[in-house]
Amino acid sequence: MKKYLVTLIPVLMLSFQPDSPSSGAVGTAQTRHAITGQPGDDLKPSISQEKVETLVAKLLTTYHYRKVRLNDSLSSVVWDNYLGEVDHSKTFLLASDVASFEKYRYQIDDALVNGDLTAAYDLYNVLRKRYQERSVFIKEQLKKPFIFTADETFNTDRKKATWAKSSAELDDLWRKVLKNQALELKLGNRSDSAVAALMTQRYNNLDKAYNRVKSADVFQLYMNSFAEALDPHTNYLSPRSADLFNQEMSQSLEGIGAMLREDNDYIKIVDLVPGGPAFKSKLLNKEDKIAGVAQGDNGPMVNTMNWQVDEVVKLIKGPKGTVVRLQVVAPDALAGASPKEIRLVREKIKLEEQRAKKEVIEVTDNGRTFRIGVINIPMFYRDFEGARKREADFSSTTSDARKFLLELKAENVDGVVIDLRDNGGGSLTEAIDLTGLFIPKGPVVQVKESSGETEVYSDKDGGSVVYNGPLAVLVNRFSASASEIFAAAIQDYKRGIIVGGQTYGKGTVQTLVDLNQWLPKEPEKVGEVKMTIQKFYRINGSSTQHKGVTPDIELPSAFSAEEYGESSQPSALPWDQIGSARYEQSQGLNDKIMTRLRDRFNQRLKADPEMKKLTQELADFKKAKENTIVSLQESKRRKERDDAERKRSAVSKVSQLADEDPIDETGTKPADTKKKKKDLYLNEAGLVLADYIIAQK
């Protein structure tokens, strides 16, 4: 069987060329025009980039899983993508600028084939001109004091906005943009002088960001507008980006254990390394956006909006034991909510802290106490080198889970929960082998090639079931890839109950192509392409792509499929179905029992005070999030912010204490009497399992 690395996040991929050479730094040879310059200079492509454009178009239309033709329809999508990348908030270009480039909308397909980059660079150079005009206006505005008494509003969501028809209209828009940002800072208890200083720093950063843009950056932006029209996990990586990509990711942010990428004005968290300070703190989450970084407990906060990712990495990295503070905008932040500040202590990430862990929890159902074993798996890890050398004790998810299951059986637990929340994937081999611990034998997943050929991957252990007792699998919106394969197999075999939220829905496989192998005579490095080449299917024939795995018992969630996961991506490959593999379902979990479990859960949802409160708070939060219009009047905005913080804090209590820790007469919480935090979702998974145990008798 081929070994694949299956993962959720776009900055990692599945490669069957793991030893392909990495790219070096971009060179300057064989360039037709200047590739960098001051704001007044036009950026222009190199001859190499024109060759790469043609090569990438050929590779993606030939080998990508989605067989596409370069035609006018695709051309229009690519052009819209590029406009969105160049001016995502519609705050720089004028409607007349956009209209003047409409002539290119249906010519991009021909340009890709012919190595013509005229449209891409002409548009970006117009953007640079418009940016300089805006920069002058912004600097003048920042010289004036902000007055927050007028009763006016600002829509923070620019997705459906249109481009301004005149410079005067842009002036008014930017007046509100700046006023909104200044009010956010002022509501963070900053003085007027501090607000002015921070705003000036923010836009000085933006000036620097635009001045740093090189031809290679424009080319990558344009090529990704094409690549991501095919699917969201297909990308072109410039030589510089390819170098960063090929670095050991755990080392790229040594200290807090997070993986970052640029996301418009911010740097976004795309994954957390299990066992790292960020992961263990529970203060930083996937999709969080970093707005500032400070050193130590007293260092000044450096505004990092509009910074490049490698520059932010340099600020976050640091010696073990030192403190870094981050200013973070949460993905569930309501309009008008202030960024939060978190404090992390840098430390070396230990491999053993990324591994599976076990615990035993107790739940009470119908007056009876049940002991439930929990195995938390933050990622599907496997020491491939140790496995290749046939070392007897090489580390793997399956070997650790096997040991824990045997220990839990010896402890006479009533059932087992496999906790895969926030598990973004990992080794496909481990997902298959882990499934084998719970089923006698049979297929686990199907993999379909772009050619249409399908291969079935099966459990190899020949009927050795380690645990055959009551089983539940706990998932959420950020359980992806290998996690989805395991959960889907357990569900299809009716071997266990899937509890939680709909999973991410990433059912695709990527490979990395070094473009220099195709252009060996180029004197400079030309980058790499990450391309989708396979899809995963459940053994029942249904794809895990787009839809993910729908739980048998669905818990309340703050994360909707429309905003997070594969289904939130317009270019995501569609869900589809192939023929079912041959497999034999377990007889223990039938439709009658499942109906009973759902009835019991719905009763708890209506009667249990904690679940009722959580459900209502989530509903209130989702409704509040729909409102993206904020007041620019200080008194009204303070009330809006307080309401937003109250709703956000209510939602964040999902994994907090159901009851406060006991406090003694001195007002402190004695260390020896602290309760363990009650995880409402894990507790509910335990109750579902208890219902199942009762239903079987």
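None of the figures in this text is laboratory data; all of them are computed from the coordinates on show. Keep in mind the model is a prediction, meaning the values are calculated, not measured. All Cβ positions, even for glycine, are placed from backbone atoms using ideal geometry, and neighbour counts span all protein chains on display.
Axis of helix 482-492 versus longest Cα principal axis of the chain: the two differ by about 40°, to the nearest ten degrees. In this structure, Val456 and Glu562 have a Cβ-Cβ separation that, at R0 = 25 Å, corresponds to a calculated FRET efficiency of about 0.15. Counting only residues at least eight positions apart within a chain, or on another chain, the aspartates and glutamates with an alpha carbon under 19 Å from that of Lys67 are Glu53, Asp109, Asp110, Glu228, Asp231, Glu449, Glu453, Asp576. Extension gain, Asp72 to Glu634: 0.36 nm times the residue separation minus the Cα-Cα distance gives 197.4 nm.
Simple spin-label estimate for Ser96 and Glu341 gives 4.6 nm between the two label positions (7 Å along the Cα-to-Cβ direction from each Cα).
Between Asp80 and Lys280, full extension at 0.36 nm per residue minus the direct alpha carbon distance yields a gain of 68.0 nm. The slack in the chain from Arg212 to Lys389, taken as 0.36 nm per residue of separation less the alpha-carbon distance, amounts to 59.0 nm. Which FRET efficiency value, to the nearest 0.05, do you get for Ser191 and Lys678 by plugging their Cβ-Cβ distance into 1/(1 + (r/R0)^6) with R0 = 41 Å? Plugging the Cβ-Cβ distance into 1/(1 + (r/R0)^6) gives 0.50. For the stretch 578-593, the Karplus equation 6.51 cos²θ - 1.76 cosθ + 1.60, evaluated at θ = phi - 60°, returns couplings of 10, x, 6, 7, 8, 7, 10, 6, 6, 9, x, 10, 9, 5, 5, 5 Hz by residue, with Gly and Pro reported as x. When the pairs Lys286/Lys547; Lys286/Lys625; Lys51/Lys521; Lys289/Lys636; Lys143/Lys208; Lys358/Lys613 are compared against a 23 Å limit on Cα-Cα distance, Lys289/Lys636; Lys358/Lys613 fall above it.
Seen from Val218, the other residues with C-beta closer than 11 Å to its C-beta sum to a net charge of -1, counting Lys and Arg as +1 and Asp and Glu as -1.
Each residue, Gln308 and Lys143, gets one label point 7 Å from its Cα in the Cβ direction; the gap between the two is 3.2 nm. Could you tell me how many degrees, from 0 to 90 and to the nearest 10, lie between the Cα long axis of helix 215-230 and the main elongation axis, the longest principal axis, of the Cα atoms of the chain? It is inclined by approximately 50 degrees. Under 12 Å from a point placed 7 Å out from the Cα of Lys58 along the Cα-to-Cβ direction: which residues of the stretch 492-523 have their backbone N that close? Hits in the stretch 492-523 for Lys58 at 12 Å: 518-520.
The calculated FRET efficiency for Asp41 paired with Ser580, based on their beta-carbon distance and R0 = 41 Å, is about 0.10. Local charge for Ser635 was computed over the other residues whose Cβ lies under 14 Å away, with Lys and Arg +1 and Asp and Glu -1, and equals 0. Compared with the dominant Cα axis of the chain, that is its longest principal axis, helix 167-186 is turned about 50°. When Cα extents along the principal axes in Å is computed from the coordinates, the matching label among [x] 77, 68, 46; [y] 77, 62, 52; [z] 74, 67, 61 is [x].
Projecting the Cα atoms of Gly299, Pro277, Ile316 onto the dipole axis of the stretch 255-345, where Lys and Arg carry +1 and Asp and Glu carry -1 at the beta carbon, places Pro277 farthest toward the positive end. Relative contact order of the chain, taken over Cα pairs closer than 8 Å and 6 or more residues apart, is 15 percent.
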